[in-house]
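Peer 1: Shown below is the structure under consideration.
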Amino acid sequence: MLPEFIDLVRRYYKAGNEDFIPLHAPIFNGNEINYITDTIKSTFVSSVGPYVDRFEAMIRDTTGSKYAIATVNGTSALHVALHSLGVGIGDAVITQALSFVATANAVMYTGANPIFLDVDLDSMSLSPVALERFLIDECERKEGKTVHRSSGFQVKAVVPMHTYGNPGRVKELQNIAKNWGLYLVEDSAESLGSYVDGKHTGTFGTIGIFSFNGNKTITSGGGGVLVTDEDSLGKRLKHITTTAKVPHPWEFFHDELGFNYRMPNINAALACAQLEQLENFLKEKRKISELYQNFFEKTNVWFKAEIKNTKSNYWLNTIEFPSKHERDLFLEETNRNRIMTRPAWNLLNTLPVYSKCFTDRLENSNFLSERLVNLPSGVPWKK
Ligand SMILES: *Cc1c(COP(=O)(O)O)cnc(C)c1O
């Protein structure tokens, strides 16, 4: 199967035998240079400028959210989202063990404690069954609060992540969060262009965030965005991501703890040019995913397809091996042949910073982390 796979990828990317095929490289075939040049000529390269406003309007349009606030990166967006909801010291935030480290780091920056629960095998995202079981078995409602019994932490929020762009069961999570008085904050960093029942990911929770890092579906160099439908939050998030300065021609009065988290105009220019191409990128990425899906149908490897009623952006196409051994052989051979593939992240609870955090049994997470591989998924750069 391996030589055929290598051949398939090389042919798809029109790459020679010596060319390196990355996991997900950005491509700039649109208005990128024009818009960036424009910011330089205008001198408005920093944290105010027309491209920031334009990008935020485009994100509102793409996601259907009432408010969009552009930030310096996705991690800062998630941090300020949790901060704005009053998450802090003595609190706990429930998230999934199978995620990029930024999800947990954002929780830690607030002073709160991450709790890592299991994911579903099919979506690879936070499991509603695991969430409900944890809340019933380990937590109690007390004076309108949800308290984790053994630690005394107040559970304030649930942060699911749509893994590799494949949407999770966010409606079920939303219901459970509501029943327990918890905020739902979606880490949609990887899922721009992914939908559940026709509604964009990131718009089910109180706040959603996206990332525009260089390896994501579209990039602004570095960047992120917050989305929300709540008027008070939309206004406050804009305020506290811009140092909480009260507008005044010369006075510097900041009315609460603020953050310097606004996206610079030069990055927003790049973001606008990239977002204009999103539909095309998504179409190309779907073609790649269909190619892989067809290829692996005839093998003992499981392509991780979008689950029922969802649409994945297939940010990183992912396959599951029957065993760790077979997974490792595939990783070695593909990378030796200059085709970049990589395993799932180490589970967050195994990292030194998070080794003392509460978890459930993480059965599916452990299973997946030994068997998953991400495949080259970027839009072809040669035409
Ligand atoms: C990329 C990513 C982020 C945010 O990343 P930044 O590099 O800070 O923009 C957050 N969570 C997940 C799951 C991600 O993949």
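Peer 1: Got at least one residue in the stretch 53-75 being within 16 Å of the ligand (Cβ to nearest atom), under 20 Å from Thr206 (Cα atoms), open to solvent by 10 Å² or more (accessible area, probe 1.4 Å) and polar (S, T, N, Q)?
Peer 2: Within the stretch 53-75 (the criterion being within 16 Å of the ligand (Cβ to nearest atom), under 20 Å from Thr206 (Cα atoms), open to solvent by 10 Å² or more (accessible area, probe 1.4 Å) and polar (S, T, N, Q)), the answer is yes, since at least one residue qualifies.
Peer 1: Would you check which residues across the stretch 208-225 are in a loop (DSSP other than H, G, I, E, B) and among the β-branched types (Val, Ile, Thr) and list them?
Peer 2: Thr217, Ile218, Thr219
Peer 1: Only residues in the stretch 204-215 that are touching a residue at least 24 places away in the same chain (Cβ under 8 Å) and within 9 Å of the ligand (Cβ to nearest atom) count as the first member; pair them with residues that are β-branched (Val, Ile, Thr) and open to solvent by 10 Å² or more (accessible area, probe 1.4 Å), Cβ under 8 angstrom, at least 6 apart or cross-chain, and list the lot.
Peer 2: Pairs that qualify, where the first residue is touching a residue at least 24 places away in the same chain (Cβ under 8 Å) and within 9 Å of the ligand (Cβ to nearest atom) and the partner is β-branched (Val, Ile, Thr) and open to solvent by 10 Å² or more (accessible area, probe 1.4 Å), are Ser211/Thr75.
Peer 1: Give Leu192, Leu257 a once-over and let me know the one that is aliphatic (A, V, I, L, M), within 16 Å of the ligand (Cβ to nearest atom), at pLDDT 95 or above and not in a strand (DSSP E or B).
Peer 2: After ruling out the rest, the residue left standing is Leu192.
Peer 1: Would you mind stating whether Gly205 is touching a Ser or Thr at 6+ places or on another chain (Cβ under 6 Å) and either more than 25 Å from Asn29 (Cβ to Cβ) or in a strand (DSSP E or B) (or both)?
Peer 2: No, not satisfied.
Peer 1: Which residue, of Arg336, Arg327, is modelled with pLDDT of 95 or more, surrounded by 20 or more Cβ atoms within 10 Å (Cβ to Cβ) and out of contact with any helix residue (DSSP H, G or I) (no Cβ under 9 Å at 6 or more places or on another chain)?
Peer 2: From the options Arg336, Arg327, the qualifying one is Arg327.
Peer 1: Additional query: Taking the conditions exactly as written (touching a Lys or Arg at 6+ places or on another chain (Cβ under 9 Å) and under 30 Å from Leu257 (Cα atoms)), does Lys145 satisfy them or not?
Peer 2: yes
Peer 1: Under 8 Å between Cβ atoms, which residue pairs at least 6 apart in sequence (or on different chains) link something in the stretch 222-244 that is over 11 Å from Phe210 (Cα atoms) with a partner that is part of a helix (DSSP H, G or I) and within 16 Å of the ligand (Cβ to nearest atom)?
Peer 2: Matching pairs, first to second residue: Gly222/Asn267; Leu237/Val80; Leu237/Ala81; Ile240/Val80; Ile240/His83; Thr241/Ser76; Thr241/Val80.
Peer 1: Any chance you could count how many residues in the stretch 293-321 are part of a loop (DSSP other than H, G, I, E, B), of a type in the set (Val, Ile, Thr) and open to solvent by less than 30 Å² (accessible area, probe 1.4 Å)?
Peer 2: Here the count works out to 2.
Peer 1: For the stretch 32-44, indicate whether the set of residues that are touching a strand residue (DSSP E or B) at 6+ places or on another chain (Cβ under 9 Å) and surrounded by 18 or more Cβ atoms within 10 Å (Cβ to Cβ) is non-empty.
Peer 2: No, the stretch 32-44 contains no residue that is touching a strand residue (DSSP E or B) at 6+ places or on another chain (Cβ under 9 Å) and surrounded by 18 or more Cβ atoms within 10 Å (Cβ to Cβ).
Peer 1: Exactly one of these conditions fails for Ala130: (1) out of contact with any Pro (no Cβ under 9 Å at 6 or more places or on another chain); (2) assigned to a strand (DSSP E or B); (3) more than 20 Å from Thr201 (Cα to Cα). Give me its number.
Peer 2: If we test Ala130 against (1) out of contact with any Pro (no Cβ under 9 Å at 6 or more places or on another chain); (2) assigned to a strand (DSSP E or B); (3) more than 20 Å from Thr201 (Cα to Cα), just (2) comes out false.
The values are calculated or read from the model by the stated rules, or taken from the named source; none is laboratory data. Computed from a prediction, not measured in an experiment: that's the story for all the values here. Positions of Cβ are generated from backbone atoms using ideal geometry, with glycine treated the same way; all protein chains shown enter the neighbour counts. For accessibility, only protein heavy atoms count, side chains too; no ligands or nucleic acids. Shrake-Rupley method; radii C 1.70, N 1.55, O 1.52, S 1.80 Å.
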